[in-house]
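Enquirer: A single structure is presented below for examination.
The values are calculated or read from the model by the stated rules, or taken from the named source; none is laboratory data. Just so you know, these numbers come straight off a predicted model, no measurement behind them. Note: ideal-geometry Cβ built from the backbone for every residue, glycine included; neighbour counts use all protein chains shown.
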Amino acid sequence: MLLKHTTADVADRKALTINPAKTCQPIGAMYAALGIHGCMPHSHGSQGCCAYHRSALTRHYKEPVMAGTSSFTEGASVFGGQANLLAAFNNIFSIYDPDVVAVHSTCLSETIGDDLAQITQKAIDEGKIPEGKTVIYASTPSYVGSHVTGFSNMCAAMAEQMAVEGVEVKSPTINVVPGWVEPADMREIKRLLKAMKVTSIMFPDTSDVLDAPMTGKHQFYPRGGVTLNELRDSGKSRKTYCLGSWASAAAGEALWKKSRVPFEEMSLPIGIKATDRFLAAVSKETSCPVPQSITDERGRLVDMVADMQNYLSGKRVALWGDPDQLLSLAEFLIDLDMKPVYMVSGTPGKAFMAKMEAIVGEAVPEAKYKNGERADMFLMHQWIKEEGVDLLIGNTYGKYISRDEDIPFIRAGFPIYDRAGHSYFPTVGYAGGLRLVEKILDALMDRQDRDSTEEKFELVM
Amino acid sequence: MLEKYPAKVARKRQKAIVINDKTASQEIQANVRTVPGIITQRGCTYAGCKGVVLGPTRDIINLTHGPIGCGFYSWLTRRNQTTVQGQTPENQENFMTYCFSTDMQDSNIVFGGEKKLRQSIEEAYALVHPKAIGVFATCPVGLIGDDIHQVSKECTEKFGDCNVFAFSCEGYKGVSQSAGHHIANNQLFKHVIGTREDAPEGKYKINLLGEYNIGGDAFVIEDILAKCGITLIASFSGNSAYNKFAHSHHADLNAIMCHRSINYVAEMMETKYGIPWIKVNFIGAESSAKSLRKIAQYFGDAELIDRVEKVIAEEMIPVEEARKAALPKTEGKSAMLFVGGSRAHHYQDLFTELGMKSIAAGYEFGHRDDYEGREIIPSIKIDADSRNIEELTVTKDEERFRSRLSDEQKAKLEKAGLKFKDYEGLMTDMESETLVIDDLSHYEMEVLIKEYKPDIFCAGIKEKYAVQKMGVPLKQLHSYDYGGPYAGFEGAINFYKDIAKMTSSKIWGLIGAPWEKEKTLSASVVHDTKPVKKEEKESA
């Protein structure tokens, strides 16, 4: 047993977190910054933060993740990190020539009170930022929120610091803040909008950045990412769609405050209903109809679920990850006649409990869920030990529970360190729904095949 | 390589780049601050302490005191394997699959985190009753002044049967992971080593230091030692357990693999308990054989020497077969190694066995002695960053000190070529005209690859995919690309096979579509191809 010290007796913990279902803010800021074209993310803290974040993102995306660090030493921690950040600006622009540096803070620089806005202004005043180059900064203390908060803060910083203001007549373009999803998901959302003939600005956009092709040379700033011009123009758009409240609402709010672009919080478009809501809302706003080709995609997804319903119905599922993903996934699972029974997310936010209750309350009254401090995988595992589940959906760390408890497992969310493909194939939209259902069915049906006796072994399923 | 750097940076980096000359004594700059923004391979002190040295011990609860990230990123990511031979896994304590954290919140930063730490320790103790709990400080802990050592001490007293001890390994200390190794060494020495008096049974008792059981390396070495009849008391810290550290002072020899990360423990154990240390290397078949012979030579027993020779002879048969099978795919090729604090040196032996030349190498967190050899240690200037790391004052333990060798015996062994307390460093072993670079930056790495086009590049995960995008296969020497083991004779065979696979993969030949190649060809006939500009993004 890999997790042999986990027992079914749930003891109330008031301080200790075991096997977290979250990580810290700065990594989210780094991921978001990679979704800006020509951008070098920069971690204002100890070297270890940057090394850990780059390693984690690299293991997940299996792509180069370039980022700088202020390399704090004990001296910098005492006297402040301003000198380090000024030196870093100078070095980064000289050596790596990015269009933009996106700085985020860490628990270290926040604890000593470094002010990124002030240091950046000083760098500008002293001519340390070359002509035509841009710096974006976001405060991302690791002791507040989670990796999702950091992503959200960097997205908000993009809007707040880049978008133009004071444009009275809005363009027909819509903004989409996609949330912490895969490059493939961002690509898929853009594909859907393009098929509807909707012009859009997506920020951040890691497609063509973290799924760059092999060309024989390392393109330091790959082709993808939202451009600075697009970020400026986002202030002229008619509306912002924030996919996932936790990851994206702050950017919508920032854009409303700065440029009076109205925003709408939507569920991440994972599953049938959430995708329906997103496309319907965009269609209504832009008067661009959803084309038959996409309606057919939807039809194919519904068809597949209808065909395979008896393999899905009633299956109990445990999930862990980020609130935006969990809410949409839970809704989708219920549409598949499955039962999302356990859900944990380390990401705080009071709205989670009420939103989840609205989704599962009636359909799965036995469901247990928790978010915030100590809503960890250890707790979820204990729930599983009390009463088992048929399927696990979550990040790579689930493989230990899967093996110990012999439960089928499909990987979703972040990080996925031990499989490939998640960055290439979407889980959003109807096409993403098809892929999710395929994965769920594969896991459940492989299990049935493995467990059936010889006489019950089925050819046709 | 330095042209693009601002003048100040160029001046600094210049001192870290040396064209090796075996005939001269050359100085290289190492273990100094990284230039902010340069893109370094290095990590932090916490990573070196919690991740590297204490990470592989199965029965100590490692509790990270800090915001969630540090504990999360060091959770199972280093591939340390663990098992107790002869015991079913169910009976073994193993906390390595768990991540324990105090998950500090903003209120803890403002009002202090000691209360939450104490509560967390108590909850961990109540849950699993471990023998020991290690508390690891992250950056904010030192800044807000939580006294983790006092809290740990009080918990130890309260529990009675659980040793709680703490590590002030805040990430900002030192200049790299290296400071964390030192802090880990100090605390193990202070709180664990020598706390158990029962002497383990066995002949030829040694400790293996600086081996971390990545991908099962320690299992292979344990097997070889057992075959030779050598008793391994404790391994620091691959496949290790608390009790083994506790009675490791009964060993008669400390054999050091990774000099950088663990030489402090060896030095302190020699002073306090009288255990001599020698440098060994179980990476590479020849080096493994040499290391076994050194250990046998130390004990000087004919029976052991014969047995070691027999084991080597047996092991070398399949090694030679595998080597010959790999050679057609590897011979004459070149490698670059930029990793760790020993690996960039040790792995050159395996490449030599494959007929490959190591044309450039350097450490991520080595010190000058790891490059130039230990004899230069007195000439190393102690800077402010190193001064901040505690240097324990160790004295002879009058009761437990036992001289393992008489002065004559030692002199005799030295005369016969066995060197004590000696590490010659990487530069001694590399050929002249090769490049040695400390704390390689990403930019320097790209220049090296463009200029020298090595057949294989060895580094870590952060470098892997950037290098591979350039069409050069990268072998990870921290994680072994999730393969291995690479230690000992069995490990050498695995490495030969893996490198042969990498240097002969067909995929590199498929980079670029046929129509792209045609276009380039026809374009170059007419005029030079234009460099690709970033602005293409808009039109693409």
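Enquirer: Those residues that are charged (D, E, K, R) and either modelled with pLDDT under 95 or buried (at least 20 other Cβ atoms within 10 Å of the Cβ) (or both), I need them from region A:317-336; list them, please.
Expert: So the first thing to find is which residues in region A:317-336 are charged (D, E, K, R), and the list is A:322, A:324, A:331, A:335.
Residues satisfying the conditions are A:D322, A:D324, A:E331.
Enquirer: So which of B:V394, B:V472, B:V447, B:V436 is buried (at least 22 other Cβ atoms within 10 Å of the Cβ) and either outside any helix (DSSP H, G or I) or not hydroxyl-bearing (S, T, Y) (or both)?
Expert: Numbers: B:V394 fails: buried (at least 22 other Cβ atoms within 10 Å of the Cβ); B:V472 fails: buried (at least 22 other Cβ atoms within 10 Å of the Cβ); B:V447 fails: buried (at least 22 other Cβ atoms within 10 Å of the Cβ).
Result: B:V436 is the single residue among B:V394, B:V472, B:V447, B:V436 that is buried (at least 22 other Cβ atoms within 10 Å of the Cβ) and either outside any helix (DSSP H, G or I) or not hydroxyl-bearing (S, T, Y) (or both).
Enquirer: Residue check: is B:K116 surrounded by fewer than 24 Cβ atoms within 10 Å (Cβ to Cβ) and closer than 19 Å to B:K50 by Cα?
Expert: Numbers: surrounded by fewer than 24 Cβ atoms within 10 Å (Cβ to Cβ): yes; closer than 19 Å to B:K50 by Cα: no.
Criteria not met by B:K116.
Enquirer: Further, regarding this structure: From A:Y52, A:Y31, which residue is farther than 28 Å from B:K115 by Cβ, aromatic (F, W, Y) and either at pLDDT below 95 or assigned to a helix (DSSP H, G or I) (or both)?
Expert: Details: A:Y52 fails: farther than 28 Å from B:K115 by Cβ.
When all the criteria are applied, what remains is A:Y31.
Enquirer: Just checking, which of B:S74, B:S101, B:S107 is of a type in the set (S, T, Y), within 23 Å of A:Q25 (Cα to Cα) and within 7 Å of chain A (Cβ to nearest Cβ)?
Expert: On the way: B:S74 fails: within 7 Å of chain A (Cβ to nearest Cβ); B:S107 fails: within 7 Å of chain A (Cβ to nearest Cβ).
Residue meeting the stated conditions: B:S101.
Enquirer: Give the residues of region B:406-422 that are under 22 Å from B:N281 (Cβ atoms) and part of a loop (DSSP other than H, G, I, E, B), sorted by residue number.
Expert: B:A416, B:G417, B:L418, B:K419, B:F420, B:K421, B:D422, listed by residue number.
Enquirer: Return the residue satisfying two criteria in turn: it lies in region B:8-50 and is within 10 Å of chain A (Cβ to nearest Cβ) and over 25 Å from A:V101 (Cβ atoms), and of such residues it is nearest to the chain's Cα centre (by Cα).
Expert: Among those that are within 10 Å of chain A (Cβ to nearest Cβ) and over 25 Å from A:V101 (Cβ atoms), it is B:G48.
Enquirer: Regarding region A:195-206, can at least one residue be identified that is assigned to a loop (DSSP other than H, G, I, E, B), within 14 Å of chain B (Cβ to nearest Cβ) and either in contact with a strand residue (DSSP E or B) (Cβ under 9 Å, 6 or more places away or on another chain) or more than 22 Å from A:A156 (Cα to Cα) (or both)?
Expert: Within region A:195-206 (the criterion being assigned to a loop (DSSP other than H, G, I, E, B), within 14 Å of chain B (Cβ to nearest Cβ) and either in contact with a strand residue (DSSP E or B) (Cβ under 9 Å, 6 or more places away or on another chain) or more than 22 Å from A:A156 (Cα to Cα) (or both)), the answer is yes, since at least one residue qualifies.
Enquirer: Another question about this same structure. Filtering region A:74-115 down to residues that are over 22 Å from B:E444 (Cα atoms) and assigned to a loop (DSSP other than H, G, I, E, B), which residue is farthest from the other protein chains (Cβ to nearest Cβ)?
Expert: Across region A:74-115, the extreme among qualifying residues is A:D115.
Enquirer: Among the listed residues A:Y221, A:Y241, identify the single one that is in contact (Cβ under 8 Å) with a residue 24 or more places away in the chain, out of contact with any helix residue (DSSP H, G or I) (no Cβ under 6 Å at 6 or more places or on another chain) and part of a loop (DSSP other than H, G, I, E, B). Steps first, answer last, please.
Expert: Numbers: A:Y241 fails: part of a loop (DSSP other than H, G, I, E, B).
Residue meeting the stated conditions: A:Y221.
Enquirer: Please go through region A:5-27 and pick out each residue that is part of a loop (DSSP other than H, G, I, E, B) and within 7 Å of another protein chain (Cβ to nearest Cβ). Before you say what the answer is, go through the steps one by one.
Expert: To start, the set of residues in region A:5-27 that are part of a loop (DSSP other than H, G, I, E, B) comprises A:5-16, A:19-24.
Selection gives A:H5, A:A11, A:R13, A:K14, A:A15, A:L16, A:N19, A:P20, A:K22, A:T23, A:C24.
Enquirer: Here is a follow-up. Considering only residues that are within 7 Å of chain B (Cβ to nearest Cβ), more than 19 Å from B:I38 (Cα to Cα) and surrounded by 24 or more Cβ atoms within 10 Å (Cβ to Cβ), which ones fall in region A:28-73?
Expert: Listed by number, the residues that qualify are A:H37, A:A56.
Table: residues versus (1) in contact with a Lys or Arg (Cβ under 9 Å, 6 or more places away or on another chain); (2) more than 19 Å from A:G314 (Cα to Cα).
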| position | (1), (2) |
| --- | --- |
| A:S345 | yes, yes |
| A:M356 | no, no |
| A:E362 | no, no |
| A:L391 | yes, no |
| A:Y397 | no, yes |
| A:S402 | no, yes |
| A:A431 | yes, yes |
| A:D446 | no, no |
| A:R450 | no, yes |
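Enquirer: Can you find, within region B:397-433, the residue that is nearest to B:N263 (Cα to Cα) among those that are basic (K, R) and either touching a residue at least 24 places away in the same chain (Cβ under 8 Å) or surrounded by 13 or more Cβ atoms within 10 Å (Cβ to Cβ) (or both)? Even if it seems obvious, please write down each step before you answer.
Expert: Filtering region B:397-433 for residues basic (K, R) gives B:400, B:402, B:404, B:410, B:412, B:415, B:419, B:421.
Of the ones still in play, those that are also either touching a residue at least 24 places away in the same chain (Cβ under 8 Å) or surrounded by 13 or more Cβ atoms within 10 Å (Cβ to Cβ) (or both) are B:400, B:402, B:404, B:410, B:412, B:419, B:421.
Working: B:R400: 21, B:R402: 20, B:R404: 19, B:K410: 20, B:K412: 24, B:K419: 15, B:K421: 9 Å.
Looking at the filtered set, the residue picked out is B:K421.
Enquirer: Would you point out which residue out of B:T83, B:T64, B:T23 is assigned to a loop (DSSP other than H, G, I, E, B) and in the same structural domain as B:E114 (by TED's automatic domain parsing)? Talk me through it step by step, then tell me what you get.
Expert: Details: B:T64 fails: assigned to a loop (DSSP other than H, G, I, E, B); B:T23 fails: in the same structural domain as B:E114 (by TED's automatic domain parsing).
Criteria check complete, one pass: B:T83.
Enquirer: So in region B:340-391, with the set limited to residues that are among the aromatic types (F, W, Y) and assigned to a helix (DSSP H, G or I), which one is farthest from B:N213 (Cα to Cα)? Quick ask: steps written out before the conclusion?
Expert: Going residue by residue through region B:340-391, those that are among the aromatic types (F, W, Y) are B:347, B:351, B:363, B:365, B:371.
Keeping just the survivors that are assigned to a helix (DSSP H, G or I) gives B:347, B:351, B:371.
Values: B:Y347: 16, B:F351: 21, B:Y371: 24 Å.
Step by step, filter region B:340-391, then rank; the result is B:Y371.
Enquirer: Looking at the structure I just gave you, is B:A199 without any contact (Cβ under 8 Å) to a residue 24 or more places away in the chain and either buried (at least 20 other Cβ atoms within 10 Å of the Cβ) or over 30 Å from B:Q41 (Cα atoms) (or both)? Please lay out each step first, then the result.
Expert: Values: without any contact (Cβ under 8 Å) to a residue 24 or more places away in the chain: no; either buried (at least 20 other Cβ atoms within 10 Å of the Cβ) or over 30 Å from B:Q41 (Cα atoms) (or both): yes.
Against the criterion (without any contact (Cβ under 8 Å) to a residue 24 or more places away in the chain and either buried (at least 20 other Cβ atoms within 10 Å of the Cβ) or over 30 Å from B:Q41 (Cα atoms) (or both)), B:A199 does not qualify.
Enquirer: From the list B:F136, B:F165, pick out the single residue that is in contact with a Cys (Cβ under 9 Å, 6 or more places away or on another chain), under 23 Å from B:R387 (Cα atoms) and not in a helix (DSSP H, G or I). Steps first, answer last, please.
Expert: Values: B:F165 fails: in contact with a Cys (Cβ under 9 Å, 6 or more places away or on another chain).
Being in contact with a Cys (Cβ under 9 Å, 6 or more places away or on another chain), under 23 Å from B:R387 (Cα atoms) and not in a helix (DSSP H, G or I) holds for just one of B:F136, B:F165, which is B:F136.
Enquirer: Would you confirm whether any residue within region B:82-92 is surrounded by fewer than 24 Cβ atoms within 10 Å (Cβ to Cβ), at the interface with chain A (Cβ under 9 Å from one of its Cβ atoms) and not charged (D, E, K, R)?
Expert: yes
Enquirer: Continuing with this model, one more query. Would you mention how many residues in region A:135-163 are β-branched (V, I, T), more than 18 Å from the chain's Cα centre (by Cα) and within 14 Å of chain B (Cβ to nearest Cβ)?
Expert: Keep residues of region A:135-163 that are β-branched (V, I, T), which gives A:135-136, A:140, A:144, A:148-149.
Then drop every residue that is not more than 18 Å from the chain's Cα centre (by Cα), which leaves A:135-136.
If we keep only those that are within 14 Å of chain B (Cβ to nearest Cβ) too, we end up with A:135.
Selection size over region A:135-163: 1.
Enquirer: Ok, one more. Can you name the condition, by its number, that B:T393 falls short on among (1) farther than 19 Å from B:R33 by Cα; (2) in contact (Cβ under 8 Å) with a residue 24 or more places away in the chain; (3) of a type outside the set (D, E, K, R)?
Expert: Only one criterion is unmet by B:T393, namely (2).
Enquirer: Residue by residue through region B:478-488, note down the ones that are within 19 Å of B:S291 (Cβ to Cβ) and not in a strand (DSSP E or B). Before you say what the answer is, go through the steps one by one.
Expert: First pass over region B:478-488, keeping only residues within 19 Å of B:S291 (Cβ to Cβ): B:484-488.
Once the filter is applied, which keeps residues that are within 19 Å of B:S291 (Cβ to Cβ) and not in a strand (DSSP E or B), region B:478-488 yields B:G484, B:P485, B:Y486, B:G488.
Enquirer: Next question. Sort out which residues of region A:253-270 are within 21 Å of A:D185 (Cα to Cα) and more than 16 Å from the chain's Cα centre (by Cα), and write them in order of number. Break it down stepwise before answering.
Expert: Just the residues of region A:253-270 that are within 21 Å of A:D185 (Cα to Cα), to begin with: A:263-270.
Once the filter is applied, which keeps residues that are within 21 Å of A:D185 (Cα to Cα) and more than 16 Å from the chain's Cα centre (by Cα), region A:253-270 yields A:F263, A:E264.
Enquirer: Moving on to the next point. Yes or no: region A:167-177 includes at least one residue that is hydroxyl-bearing (S, T, Y) and assigned to a helix (DSSP H, G or I). I'd like the intermediate steps shown before the answer.
Expert: To start, the set of residues in region A:167-177 that are hydroxyl-bearing (S, T, Y) comprises A:171, A:173.
This time we only want the ones that are assigned to a helix (DSSP H, G or I), so: none.
The answer is no; no qualifying residue exists.
Enquirer: Out of the residues in region B:122-156 that are more than 8 Å from chain A (Cβ to nearest Cβ) and among the β-branched types (V, I, T), state the one that is nearest to A:G45 (Cα to Cα).
Expert: Looking at residues that are more than 8 Å from chain A (Cβ to nearest Cβ) and among the β-branched types (V, I, T), I get B:V141.
Enquirer: Before we move on, is B:G355 surrounded by 16 or more Cβ atoms within 10 Å (Cβ to Cβ) and touching a residue at least 24 places away in the same chain (Cβ under 8 Å)? Spell out how you get there, then give the answer.
Expert: Working: surrounded by 16 or more Cβ atoms within 10 Å (Cβ to Cβ): no; touching a residue at least 24 places away in the same chain (Cβ under 8 Å): yes.
It is false that B:G355 is surrounded by 16 or more Cβ atoms within 10 Å (Cβ to Cβ) and touching a residue at least 24 places away in the same chain (Cβ under 8 Å).
Enquirer: When you scan region A:276-294, how many residues do you find that are among the small types (G, A, S), over 26 Å from the mean Cα position of the chain (by Cα) and either outside the structural domain of A:V198 (by TED's automatic domain parsing) or part of a helix (DSSP H, G or I) (or both)?
Expert: Looking only at region A:276-294, we keep the residues that are among the small types (G, A, S), and these are A:280-281, A:283, A:287, A:293.
Add one more test, that the residue is over 26 Å from the mean Cα position of the chain (by Cα), and what stays is A:287, A:293.
Filter again for either outside the structural domain of A:V198 (by TED's automatic domain parsing) or part of a helix (DSSP H, G or I) (or both), leaving A:293.
Total satisfying the criteria: 1.
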